[in-house]
Amino acid sequence: MYETLETRFGHEWVATLRSEVGAFAEQNGPELERCRKAGSFPAELYQEMGKRGWIGPITPTDEGGLGGGVPEYCAVCEEVARHALISPQISVQGQQWLLTWGTPQQRSRYLPGIARGELIFAEAISEPEAASSLRALTATAEKDGDEFVITGRKTHVNLGAQADVILVYANVKDAGLTAFLVDAPAARLERRQTDPIGLRLLPTAEMDFTSVRVHESSVLGEVGRGFDTFLTTFNVSRLGNASELIGFAERALANAIEYAKVRSVGSGTVADFQGIQWIVSDAYARLYAASLARDRAANVAEAGGDVSLLTTLAKKLAIEAAEYAINECFSLIGSHGLYTDTDYGQLLQDLKVYRVAGGSLEILRNYVARRVLGSETLEGLL
Ligand SMILES: Cc1cc2nc3c(=O)[nH]c(=O)nc-3n(C[C@H](O)[C@H](O)[C@H](O)COP(=O)(O)OP(=O)(O)OC[C@H]3O[C@@H](n4cnc5c(N)ncnc54)[C@H](O)[C@@H]3O)c2cc1C
């Protein structure tokens, strides 16, 4: 909706983005559908998106990106999700990590390729026994001369089997959680692709790090600052998650309304029923609120303000709005939505990924409660 999103390039740019993303998605619809069914990554289309700036919205133009900021990132995510294209989410997180913490050498080596969609980035944080709590991660990185030896098991890693470079979180003795940039082919990792029900264009993988050696220059940020590197990126990427959820819900609701307006039942159409109109009203209102919260968080992030609470609220509201809109669409579309030649089922599955990954709804609620209960003003209530 973008009612209050302040983009660097203006509203005309958003309108052009929408029509270009729509045309690209339509032109490549059959290939995208084939990959979605197979659970495979459409690498060539991803590179084409990179050439158009849709993989690197936040990276400067002279480093291969679009040269935008957080609002442009949000607009790209919303449009990509609205048109069922490949999510740039994981790549943008990689770019954010490098932009905030990368050394000049790390930046020049990885950033342009990642932003152009030519170098595939993945992040390996979650483990089979620990994902919601970073403190419970068990992977280790042991110092040995000017190298670190990484050992551990990672899971749920989007594009893990395809990645050229993987950001791995592991514990360094006496220092704590640390992030490492690992060149995947050189590390000879054991990687196994897995088969998620949602975001199927970004297949997941599990991988074993068995004494993988990396040079100490592979550390991202500083040794022991893993929590800081994690939060600076996730505070922004939660807005990408929120924007994609909004895009999913807009697609579902727009398609369902079009159908309900022409589907005859008795003497009228589905859209004539007041019970159906209230669903449209409630779904629209929730989306509107989520969209405003996303806009506000993006604008504050762009201005350099503290966004921890705002991004958490934006993603929480977007999950709830998308769950409501996509669930309730089935009241408008009936049996039409229950076949695989429509994408309402896939949308339900896609939204559940963002309900769990990148900060689950429960973890977001915990954070909002902690902030409100812990603040002297009850975050503006007093
Ligand atoms: C498709 C997909 C893609 C993913 N991509 C990546 C990736 O690229 N890289 C990566 O590192 N990880 C990735 N993840 C992992 C994702 O971040 C984790 O699944 C997520 O952190 C939740 O961890 P868990 O599934 O182990 O749930 P658990 O930690 O086992 O939690 C189970 C449930 O309990 C809830 N819960 C946990 N703690 C609390 C609490 N304190 N209070 C209330 N409820 C709580 C959780 O919200 C969850 O619903 C991905 C996951 C999926 C499914």
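All conditions in (1) within 16 Å of the ligand (Cβ to nearest atom); (2) within 30 Å of residue 174 (Cα to Cα) hold for residue 81, with the sole exception of (2).
For residue 304, are the conditions met, namely being in a loop (DSSP other than H, G, I, E, B) and under 16 Å from the mean Cα position of the chain (by Cα)? Steps first, answer last, please.
Working: in a loop (DSSP other than H, G, I, E, B): yes; under 16 Å from the mean Cα position of the chain (by Cα): no.
Criteria not met by residue 304.
Among the residues of region 131-169, those that are assigned to a strand (DSSP E or B) and more than 21 Å from residue 107 (Cα to Cα) comprise 140, 141, 142, 143, 144, 149, 150, 151, 152, 153, 154.
For (1) over 30 Å from residue 6 (Cβ atoms); (2) not aliphatic (A, V, I, L, M), each residue gets a yes or a no:
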site	(1), (2)
273	yes, yes
291	no, yes
303	no, no
312	no, yes
332	yes, no
343	yes, yes
368	no, no
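Listed by first and then second residue, the pairs with beta-carbon distance under 7 Å, at least 6 apart or on different chains, first residue in region 352-379 and within 20 Å of residue 122 (Cα to Cα), second more than 8 Å from the ligand (Cβ to nearest atom) and aromatic (Phe, Trp, Tyr), are 358/234; 359/234.
Just to be sure I understand, how many residues within region 94-143 are within 16 Å of the ligand (Cβ to nearest atom), among the β-branched types (Val, Ile, Thr) and closer than 22 Å to residue 172 by Cα? Qualifying residue count, region 94-143: 2.
Take residue 360 and tell me if it is closer than 17 Å to residue 243 by Cα and within 16 Å of the ligand (Cβ to nearest atom). Reasoning before the result, please.
Values: closer than 17 Å to residue 243 by Cα: yes; within 16 Å of the ligand (Cβ to nearest atom): yes.
Against the criterion (closer than 17 Å to residue 243 by Cα and within 16 Å of the ligand (Cβ to nearest atom)), residue 360 qualifies.
Here residue 122 clears all of (1) surrounded by 17 or more Cβ atoms within 10 Å (Cβ to Cβ); (2) part of a helix (DSSP H, G or I) except the condition numbered (2). The set of residues in region 260-296 that are in a helix (DSSP H, G or I), over 26 Å from the mean Cα position of the chain (by Cα) and surrounded by fewer than 19 Cβ atoms within 10 Å (Cβ to Cβ) comprises 261, 262, 271, 272, 274, 275, 277, 278, 281.
Summed over region 195-220, the residues that are surrounded by fewer than 20 Cβ atoms within 10 Å (Cβ to Cβ) and in a helix (DSSP H, G or I) give a count of 2. Within region 209-222, can one find any residue that is acidic (Asp, Glu), at pLDDT 95 or above and over 28 Å from residue 35 (Cα atoms)? Scanning region 209-222, I find at least one residue that is acidic (Asp, Glu), at pLDDT 95 or above and over 28 Å from residue 35 (Cα atoms), so the answer is yes. Return yes or no: is residue 333 more than 15 Å from the ligand (Cβ to nearest atom) and over 20 Å from the mean Cα position of the chain (by Cα)? Yes.
The values are calculated or read from the model by the stated rules, or taken from the named source; none is laboratory data. Predicted model, so just to flag it, every value in this text is computed and none were measured. Reconstructed Cβ throughout: ideal geometry from the backbone, glycine too, with neighbour counts over all protein chains shown.
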